[in-house]
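Contents: one structure, followed by commentary.
A short reminder: the numbers here are calculations on the coordinates, not readings from a lab. Since we're looking at a predicted model, the values are computed, not measured. Note that we place each Cβ from the backbone using ideal geometry, even for glycine, and neighbour counts take in every protein chain shown.
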Amino acid sequence: MYRWKIVGQRDLCAVYAVKNSLAKQRLLSVLFSGLFLILAVLGIEPSDAVEPNKPRYQIREIQNTLDEAFTQKVSLIDANGGAVQLSDLVAEHRQQPVIMQFIFTSCANVCPVMSTLLRAVQKDLVGKAQLISISIDPEFDDSNKLQDYAKKFDAQPHWRFFTGELNDIIRLQKQIDVYQQNKMRHQPVTFFLLNQRLFRLDGLPSKEDTLAELDKMLEETQLSVSSPG
Amino acid sequence: MFLRESLICSMIKATTFLLLLFLDLSKPTLANDFQIGKRFYEKGLLADSTPVSVILQGDIKANGHLINCASCHRSSGYGDGEGGNYVPPITGPVLFNEYAPERQHIFRNLYQDVQTPATRAQVHDLKQRAAYNEQLLNRAITSGINSDDEQLSLSMPRFMLDKATLKGLTVYLKSLGAQNLDSLPKIGVEPDILHFATIFTPDVNPAEKAAIMAVFNAYLKRKNFNTIAAQKKPNYSSGYKSDFVYAQRQWQLHEWQLTGSAEQWPKQLAAFYQAKSVFSVLGGKGQRWQAIHDFCEQRSLPCLFPNTPLPVTAKAGEYTLYFSKGLQGEADSLATHLQSLDDVSPVVQIYRANSVGEVAARFLDNRLSKKQSSKITSSDLIITEQQRLGAAFWEPLLAQKKTLVLWLDRDDFDTLPSLSSINLQQASIFVSASLIDLKNKPLSPQRYNKALSFIWPWALPNHEPKRLYRARAWMRSRGVPMTHELEQLNTFFVLNVVDYAMHDLLDRFSREYSIEIIERITENALNPGLYRSMSLGPKQRFAVKKYSILNAPLLIPENSNR
C-alpha cells in the first residue's frame with residue numbers, strides 16, 4: 001500500500017504525522033494509507049526506482065566568466081612540484097579542449113567517481129584534449145599525494161594534477177561558482193574549455209555521454225580536435 | 001586386556017577428533033567469512049584477493065581499488081551525504097529488515113549533514129522495500145535491482161561478485177550497526193549515561209589540569225541541564241527533534257590520571273577502561289602520546305584532539321584525531337622555510353637531553369636530509385639535564401654566524417639574554433612558539449628582536465577567526481577563569497565537535513560513525529579561533545596543516561609601548 005511515491009506530496013507525511021501514542025500512530029497510518037490510495041489513483045509513480053527520464057547531468061555554457069577566471073594569476077603546483085600559472089596552462093592548450101575537475105585526494109564518495117570518469121575517457125582523448133584535476137584541499141594534498149592519486153587512477157601524461165595556495169584555489173572556485181565552505185559538500189562538476197568558451201557539466205554522466213557531449217561542444221565551437229603535432 | 005581396549009578406544013577417539021578438526025578447518029568458518037566480507041567492503045578485494053571488477057554509471061569500468069563499499073557507505077555503513085550525493089545506510093538492521101516509510105527513518109537521516117535541497121528531497125522520499133536476503137543482496141550488488149525489483153541509481157556501482165565473497169559480505173554487513181542494549185555498555189553507552197574520559201600524563205602541572213577540567217565541568221553542567229530539560233517535556237518540538245529525545249543521555253566524564261613512566265601507562269589505561277568503558281576519550285594533555293594512541297587504536301576507541309606536542313605521525317591511526325602534527329609539523333615547516341632561503345648559515349639545534357625537543361631535532365634533521373639538493377648542514381648542541389643556562393652559554397653562540405634552532409621550554413628560553421644588547425649581525429634564531437608556550441605567556445615587547453623568528457602554529461595575531469571572541473565570551477559567562485587559553489579553547493573545541501557529532505549520531509552509537517561525522521564537520525565553523533583554518537576529511541587525522549614562520553616584531557601586541 002505504501003509502495004507509491006506521491007508526486008508533489010513528498011513531505012506530507014513528515015508535516016502532518018502525529019507523534020507519541022501508538023494509537024495515534026495507528027490512526028494516522030490508516031488515514032495516510034487511505035490518502036495514499038486516493039493519490040495513487042490520481043497520479044503516482046513507483047517509489048525507490050530510478051526515474052527513467054530524469055537526466056543524470058545538466059550542461060550549460062558559462063557566460064562572461066572565462067576571462068575573469070582563467071586569465072588572472074592563479075598559481076598552481078603540479079604533481080612534480082613545478083609551479084605553473086593557470087592562465088599559462090589554459091593558453092598552452094588553446095588548440096585543444098581542456099576538461100577540468102575539482103577534486104581532493106582523501107575524498108571518499110564523489111571524487112573517485114569523477115576521477116574514474118576521466119580515467120575512462122582519457123584513452124579516447126590522447127592527443128585530443130587535456131585533462132586537469134585541481135585539488136580543493138591544497139593544504140593536505142601536496143605533490144606527493146597528487147602523484148599517488150594519479151598513479152592510482154592510471155593517469156596518462158595528458159591528465160595533470162595540481163595543488164596550490166588555499167586562497168588562490170578558493171578564489172578560482174568562487175569565480176566559476178563551485179565553491180563550498182566545507183570541501184565535503186563539493187559538487188560533482190566538470191568544466192569544458194573550448195575555443196575560449198566555457199561549459200559546465202553538473203552531475204555524474206556515463207563515459208558515452210561525456211564523449212558525446214564533448215563532440216557536440218566541439219561542433220558548436222568549431223574547434224578541431226586533431227592532435228597539434 | 002582391559003588396558004588394550006582402553007588404548008584402542010582412546011586411539012579411535014583421537015582419530016575421530018582429528019578428523020572432525022580437519023573437516024572443521026577445511027570449511028570456511030564464520031570468522032573467515034567475516035574477514036572476507038570486511039576485506040571486500042573496505043578494500044574491494046574478492047575472496048581470492050583479486051580486486052573486484054566494477055561498472056560505474058552504466059559504462060565506466062573500474063576496480064575495487066578505486067571504488068568499494070566503504071568509499072561511499074563509509075566504514076561504519078551509515079552512509080554519507082558528501083557532495084549532495086546521498087548515500088543511504090547499509091547496516092545490518094537497515095538492509096535485512098523491511099524498510100517502511102516511517103518518520104523515524106526519514107528524520108534520522110535528516111540529522112546527517114545533508115546539504116543540497118536535492119539531497120533533502122531524496123531523504124524525504126517515501127520509500128518502502130522488502131528486507132534483503134543473500135540472494136537479493138547479490139542481485140542488488142551485481143545487477144542494481146533492489147529487493148522490490150526496482151532499479152537502483154546508476155551511481156551505485158555494479159560489482160562482479162563471486163559466491164564466497166557474497167557470503168562473507170552478507171556476514172559482514174549484518175555485523176554493521178548491530179549494537180543492542182546488551183552490547184552498548186561495552187562501548188560506554190548506558191541507558192541514561194554516556195561515558196567519556198579525558199587523560200592526563202604525569203608531566204601536566206596541576207594548574208593546567210585544573211584549567212582544562214574547569215572547561216569540561218562548565219560544559220557538561222550546561223549540557224546535562226539542557227538534556228534534563230528536553231527529557232522533561234518530550235513533546236516540546238514542533239518538528240521532529242523530540243522524536244529522538246530518548247537518544248540523549250547525561251554525559252559523564254572520567255578523569256584518567258596516569259602515573260609513573262610511559263611503560264606503565266598501558267596497564268593503567270587497561271585498568272581504567274575495565275573499570276568503566278567509555279565511548280571516546282576527549283582532549284587531555286601530555287607531552288608524549290604514543291602509549292595512549294596505541295591503547296585507543298587497540299580498543300577501537302576514538303581519542304579526540306589531545307593537547308600534545310608529539311602526536312603519532314609515523315602511521316596515521318584509525319581512531320586518534322589530532323589538532324596538528326605538533327613538533328613534526330613545526331620541523332617540516334621550518335625545513336621548508338630554510339630550504340627556500342638563498343643563503344643559510346650552518347644550523348645548530350639546541351635542546352635538552354631526553355626532552356621532546358630532542359625528538360623535534362630529529363624531525364628537522366630527517367626533513368633537511370631528505371632533500372638531496374639541500375646544502376644546509378646541521379649539528380646539535382645538547383644541554384644535559386643538570387646544566388643551567390645563562391649568559392656564558394648564550395653569548396658565544398650568538399656571536400657566531402649560525403642559524404640557531406631552539407627546541408627549549410620556557411624556563412630555558414627565558415635565560416636567553418636581551419638580544420638588543422648583543423651584536424646580532426651574524427646569528428639568526430628560530431624558536432618553537434608552542435614549546436615556550438608563547439600563546440599563553442607572551443614576551444615583554446622589548447624581547448621581540450628582529451633576529452628572532454618563531455615557528456607559529458596558530459592564526460596570525462590580530463587575524464584570528466571570529467569564533468575566538470565567542471569562545472572567550474562563553475568562558476566568561478560560565479565563570480571559567482582563562483588561565484591557559486590554548487588548552488582551554490582546544491578543550492572547548494573538542495566538546496563542541498563531540499556535541500555536534502552526538503547530535504547527528506542520535507541513537508546510532510557507532511564509534512566509527514562518530515569519527516566519520518567529526519571528519520565531516522570539523523571544517524564547519526567550529527574553529528575555536530586559535531588556528532588559521534581547521535579541516536579534516538575521510539581518513540585525515542590532523543586538522544591544522546599550515547604553520548607560519550613569523551619574525552618576532554610581527555608579534556608585538558598592538559597596544560604595547562615598545
- Message: Given contacts defined as C-alpha pairs under 8 Å and at least six residues apart, what's the relative contact order of chain B, whole-number percent?
- Response: 12 percent
- Message: Using only Cα atoms and rounding to the nearest 10 degrees, what angle (0 to 90) does helix B:265-275 make with the longest principal axis of chain B?
- Response: 50 degrees
- Message: How much of the pair distance distribution for the stretch B:464-562 lies past 22 Å, counting alpha-carbon pairs only, in percent?
- Response: 42 percent
- Potential extension, residue B:370-residue B:213 segment - 0.36 nm per residue separation minus Cα distance: 52.4 nm
- Message: Give me the Å³ per residue figure for the convex hull around the C-alpha atoms of the stretch B:163-211.
- Response: 143 Å³
- Task: Give the angle, between 0 and 90 degrees and rounded to the nearest 10, that separates the Cα long axis of helix B:206-232 from the longest principal axis of the Cα atoms of chain B.
- Result: 40 degrees
- Calculate the tail of P(r) for the stretch A:57-221: the fraction of all Cα-Cα distances greater than 25 Å, expressed in %. 22 percent
- Query: Once the other residues with Cβ under 14 Å from the Cβ of residue B:321 are scored (Lys, Arg +1; Asp, Glu -1), what is the net sum?
  - Reply: 0
- Task: Express in whole angstrom the spacing between the alpha-carbon centres of the stretch B:379-433 and the stretch A:140-214.
- Result: 48 Å
- What's the angle, to the nearest 10 degrees (0 to 90), between helix B:30-43's Cα axis and the longest principal axis of chain B? 50 degrees
- With label points set 7 Å from each Cα along the Cα-to-Cβ direction at residue B:222 and residue B:145, the distance between them in nm comes to 5.6 nm
- Item | HN-Hα J in Hz across the stretch B:253-264 - Karplus 6.51, -1.76, 1.60, θ = phi - 60°, x for Gly and Pro | 9, 10, 8, 9, 8, 8, 9, x, 7, 4, 5, 8
- Using eta = 1.567 mPa s and T = 4 °C, Stokes-Einstein with Kirkwood Rh from Cα pairs puts D for chain B, in µm² s⁻¹, at 48 µm²/s
- the stretch B:256-347, relative contact order in percent, only Cα pairs under 8 angstrom and at least six apart counted: 21 percent
